[in-house]
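All remarks here apply to the structure that follows.
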């Protein structure tokens, strides 16, 4: 049973772990095309440090880990990381979010190491638009990665899509049709104020309502009642069993049921994507004045403090909202 219960009664069992802030795409809603403000490599957690943190978190009740980035498949020892997490006592459910560029070569080794499933970010079905949105001509590599994930049975395969006005917002129906044909689970995600380029604009963002109204004339969408702590509102398509999800982080926040913590690649624990404060775990592990057992005890205490300090919501819709200094690529999706 989880010991990580905040003051609002939310039980925390899920941690999103960023393995790197680096990425091999430059999606316009995430970072500028010339972005290069990467974390120094010596500030990133080593794999041994990461395992220590996860062991402490699992002992406190974490039972689900999702590996993220940046792009986590850029981590040279990604297969070893998956294997080591899978070998931990009370090993957690393990998934990964990726842009799929390296998935063709890594899907089967990751599956063999213990990875259960993948989420793949893909915002368009047009190779030309993909190149314009990401500044990389790699659309075919994504499709090859998706095929490899399917062949390796990394299922269910979920597709994460961000629609942007005047860019790809006319593809909602086509993306759903494609996902149905391919057997993928599509989830639209409202663009959030976490971009390094500072282009997010609440007035022009594509909302959950916009997405629903784009799909509704073509598909009969029936809300799925049991949502639990999942971020996506799910809808049965034409009576089911296939579903489409909409993650309305901005316009319909799901903070009241949030069960997630986030660990950045440089070892900072966050209670929310939009936190303006962090708890340093890396510093504890690298303090030579603290022995290994005392470090574990201190990290456990910092997990508890982070959870207890968690606010009731992210506050995006509050006039006093302050966008985090870190962009999404430095926090972990």
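The values are calculated or read from the model by the stated rules, or taken from the named source; none is laboratory data. Note that the coordinates shown come from a computational prediction; the quantities given were computed from them, not determined experimentally. Positions of Cβ are backbone-derived with ideal geometry, glycine not excepted, and every protein chain shown enters the neighbour counts.
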- request: Give segment 113-153 a look and list any residue that's without any contact (Cβ under 8 Å) to a residue 12 or more places away in the chain and in contact with a helix residue (DSSP H, G or I) (Cβ under 8 Å, 6 or more places away or on another chain), or say none.
  value: 131, 137
- request: Of all residues in segment 231-260, count the ones that are in a loop (DSSP other than H, G, I, E, B), touching a helix residue (DSSP H, G or I) at 6+ places or on another chain (Cβ under 8 Å) and under 30 Å from residue 327 (Cα atoms).
  value: 3
query: Among the candidates 88, 54, which residue alone is surrounded by fewer than 23 Cβ atoms within 10 Å (Cβ to Cβ), modelled with pLDDT of 95 or more and assigned to a loop (DSSP other than H, G, I, E, B)?
result: 88
query: Would it be correct to say that residue 25 is in contact (Cβ under 8 Å) with a residue 24 or more places away in the chain, assigned to a loop (DSSP other than H, G, I, E, B) and surrounded by 16 or more Cβ atoms within 10 Å (Cβ to Cβ)?
result: yes
field: segment 261-298: number of residues that are touching a strand residue (DSSP E or B) at 6+ places or on another chain (Cβ under 9 Å), buried (at least 21 other Cβ atoms within 10 Å of the Cβ) and not in a loop (DSSP other than H, G, I, E, B)
entry: 8
message: Could you go through segment 238-260 and let me know if any residue there is closer than 23 Å to residue 43 by Cβ and in contact with a strand residue (DSSP E or B) (Cβ under 8 Å, 6 or more places away or on another chain).
response: no
message: I'd like to verify a number: residues in segment 137-194 that are at pLDDT below 95, crowded, with 20+ Cβ neighbours inside 10 Å and out of contact with any strand residue (DSSP E or B) (no Cβ under 7 Å at 6 or more places or on another chain), how many?
response: 4
